[in-house]
Each structure stands twice: as structure tokens, then as C-alpha cells.
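The values are calculated or read from the model by the stated rules, or taken from the named source; none is laboratory data. For clarity, every value in this text was computed on a predicted model and none was experimentally measured. Here the Cβ positions follow ideal geometry from the backbone for every residue, glycine too, while neighbour counts run over all protein chains shown.
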Amino acid sequence: GDLLRRLIAAPTQRFTEEKAAMWARQLLLGLRTVHSLGYIHRDIKPDNLLLTDQSVLKIADFGWCCLVEEMPSCLAGTFQYMAPEVLRNVPQTPQADVWSAGVTLYQMLLGRA
């Protein structure tokens, strides 16, 4: 699948608010699944989101992923997408992934990554 970043940055490939809303829903449902299994992704960003040929969004690159119960406080992820608490080395929670998803969705709506 295509990296979402490439699609966001392509000047000739704009997408509708409906498509952005569909991908936002898919991203948040994917994160809900990850979090319900007890994990934190810790690096949600456009480069780690893939699109299938059917425009289904998939979360990729679980290299920084860890168990919520480990209460990770080490700096992990990509600076531009990190939640404020991550930058302060506060133990991370699933909410940090939601922050990163919000930054990603904001870029999606702006049409630039």
C-alpha cells in the first residue's frame, strides 16, 4: 500500500473531507484495537500508515510498540508527532497515540505532511 505521507504531500492527489473522515475513523478504530490488547504504538505518523488498493488504512511499523503496563517513559517515536507528556518523559499511556493521530489527521486535512 501507499504511504499516507506520500498521498498527503502529492499536489495532484487531493482527497475529500469524506475520505479524510473515513481514514480518521479507520485509524482510531485501529488504535482502539491496539490499546484494547494492552499495547501502545508510540510512533503514529503518516509514514507508518499504509493504504490498501481499496483505500483501507492500516497501521504499520510496531518497532516502538510496548505494553501499557510497562509504563514506558523513555523518549520513543518521531518528535513532530509526540504528545507533550512524552517530551517530558512522563510514563506514556494510550492517549499519547491519540495525540499523534490528531497531529496526523490535522496534516491530512491541511493536505501537507
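Would you say S73 is surrounded by 15 or more Cβ atoms within 10 Å (Cβ to Cβ), among the polar types (S, T, N, Q) and either at pLDDT 95 or above or assigned to a loop (DSSP other than H, G, I, E, B) (or both)? For S73, the condition - surrounded by 15 or more Cβ atoms within 10 Å (Cβ to Cβ), among the polar types (S, T, N, Q) and either at pLDDT 95 or above or assigned to a loop (DSSP other than H, G, I, E, B) (or both) - is not met. A Cβ distance below 9 Å, combined with a sequence gap of six or more or placement on separate chains, defines the contacts here; from segment 69-84, residues that are among the aromatic types (F, W, Y) reach residues that are in a loop (DSSP other than H, G, I, E, B) in the pairs Y81/D43; Y81/I44; Y81/K45.
Here is a yes/no grid of residues against (1) over 12 Å from the mean Cα position of the chain (by Cα); (2) of a type in the set (V, I, T); (3) under 30 Å from T16 (Cα atoms):
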{"residue": "K45", "(1), (2), (3)": "no, no, yes"}
{"residue": "V56", "(1), (2), (3)": "yes, yes, yes"}
{"residue": "C66", "(1), (2), (3)": "yes, no, no"}
{"residue": "P72", "(1), (2), (3)": "yes, no, no"}
{"residue": "G77", "(1), (2), (3)": "no, no, yes"}
{"residue": "Y81", "(1), (2), (3)": "no, no, yes"}
{"residue": "E85", "(1), (2), (3)": "yes, no, no"}
{"residue": "V90", "(1), (2), (3)": "yes, yes, no"}
{"residue": "V103", "(1), (2), (3)": "no, yes, yes"}
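When we screen T12, T93, T52 for residues that are at pLDDT below 95 and in contact with a Lys or Arg (Cβ under 9 Å, 6 or more places away or on another chain), the only hit is T52. Would you point out the residue of segment 92-101, among those that are more than 23 Å from T16 (Cα to Cα) and among the polar types (S, T, N, Q), that is surrounded by the fewest Cβ atoms within 10 Å (Cβ to Cβ)? Per the stated criteria, the residue is Q95. Evaluating Y106 against the criteria (1) in a loop (DSSP other than H, G, I, E, B); (2) at pLDDT below 90 leaves one unmet condition, (1).
Of the residues D43, D61, the single one that is in contact with a helix residue (DSSP H, G or I) (Cβ under 7 Å, 6 or more places away or on another chain) and assigned to a loop (DSSP other than H, G, I, E, B) is D61.
The residue list D97, D43 contains one member that is in contact (Cβ under 8 Å) with a residue 40 or more places away in the chain and touching a Phe, Trp or Tyr at 6+ places or on another chain (Cβ under 9 Å), which is D43.
Looking at this structure, is K58 of a type outside the set (S, T, Y) and at pLDDT below 90?
Working: of a type outside the set (S, T, Y): yes; at pLDDT below 90: no.
For K58, the condition - of a type outside the set (S, T, Y) and at pLDDT below 90 - is not met.
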